Amino acid sequence: MAKRLDYNQIAPNGAKALGGVYGYVMRSGLPSELVDLVYLRVSQINNCAYCLHMHTRDLIRKRVKVEKLALVQAWEEGGSLFSAAERAALAWAESVTRVAETGVPDSAYR
């Protein structure tokens, strides 16, 4: 993995704010595995190697099956590996992450 910018050094207040959002979401009552799956999918869309590594590592620590991790990018075809709640969260995350490309379609709100 290539050396990337150290956001904690360049923009410590921004990094702290981002960490605050992550902390807030983790305290929201949503299952932590669900949150990490969403973060992993967003990282895949954004092509962020650092984030992919971090969120994959977190999911492995939570003992998520390798088969599930391998299919996050194809979750719509993942069958019973993904619950209805996970599919809904992943669909919403993709819509919001790709908003500049696609807008958020009405079907995503359902």
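The values are calculated or read from the model by the stated rules, or taken from the named source; none is laboratory data. What you see is a predicted model, and the numbers here were worked out from it, not measured in a lab. Because the Cβ atoms are built from the backbone with ideal geometry, glycine has one as well, and the counts that use them run over all protein chains shown.
Are there helices (runs of 4 or more DSSP H) fully within segment 1-62 with at least 3 residues that are more than 28 Å from Ala74 (Cα to Cα)? List them. First the steps, then the outcome.
Values: elements: 7-10, 12-26, 32-46, 49-61.
Result: 7-10, 12-26.
Just one of Arg63, Arg87, Arg57, Arg41 is surrounded by 16 or more Cβ atoms within 10 Å (Cβ to Cβ) and modelled with pLDDT of 95 or more; which is it? Let's see the steps before the verdict.
Details: Arg63 fails: surrounded by 16 or more Cβ atoms within 10 Å (Cβ to Cβ); Arg87 fails: surrounded by 16 or more Cβ atoms within 10 Å (Cβ to Cβ); Arg57 fails: surrounded by 16 or more Cβ atoms within 10 Å (Cβ to Cβ).
Just one listed residue meets the conditions, Arg41.
For segment 22-38, give me the residue count where each residue is within 16 Å of Arg87 (Cβ to Cβ) and not charged (D, E, K, R).
Just the residues of segment 22-38 that are within 16 Å of Arg87 (Cβ to Cβ), to begin with: 30-31, 33-38.
From what's left, not charged (D, E, K, R): 30-31, 34-35, 37-38.
Number satisfying all stated conditions: 6.
What is the number of the single condition among (1) surrounded by 13 or more Cβ atoms within 10 Å (Cβ to Cβ); (2) more than 14 Å from the chain's Cα centre (by Cα) that Cys51 does not meet?
Only one criterion in (1) surrounded by 13 or more Cβ atoms within 10 Å (Cβ to Cβ); (2) more than 14 Å from the chain's Cα centre (by Cα) is unmet by Cys51, namely (2).
Quickly run through segment 68-86 and pick out the residues that are part of a helix (DSSP H, G or I), in contact with a helix residue (DSSP H, G or I) (Cβ under 8 Å, 6 or more places away or on another chain) and not acidic (Asp, Glu). Even if it seems obvious, please write down each step before you answer.
Within segment 68-86, the first condition is being part of a helix (DSSP H, G or I), and the residues that meet it are 68-70, 72-77, 79-81, 84-86.
Keeping just the survivors that are in contact with a helix residue (DSSP H, G or I) (Cβ under 8 Å, 6 or more places away or on another chain) gives 68-69, 72-73, 75-76, 81, 85-86.
Once the filter is applied, which keeps residues that are part of a helix (DSSP H, G or I), in contact with a helix residue (DSSP H, G or I) (Cβ under 8 Å, 6 or more places away or on another chain) and not acidic (Asp, Glu), segment 68-86 yields Lys68, Leu69, Val72, Gln73, Trp75, Leu81, Ala85.
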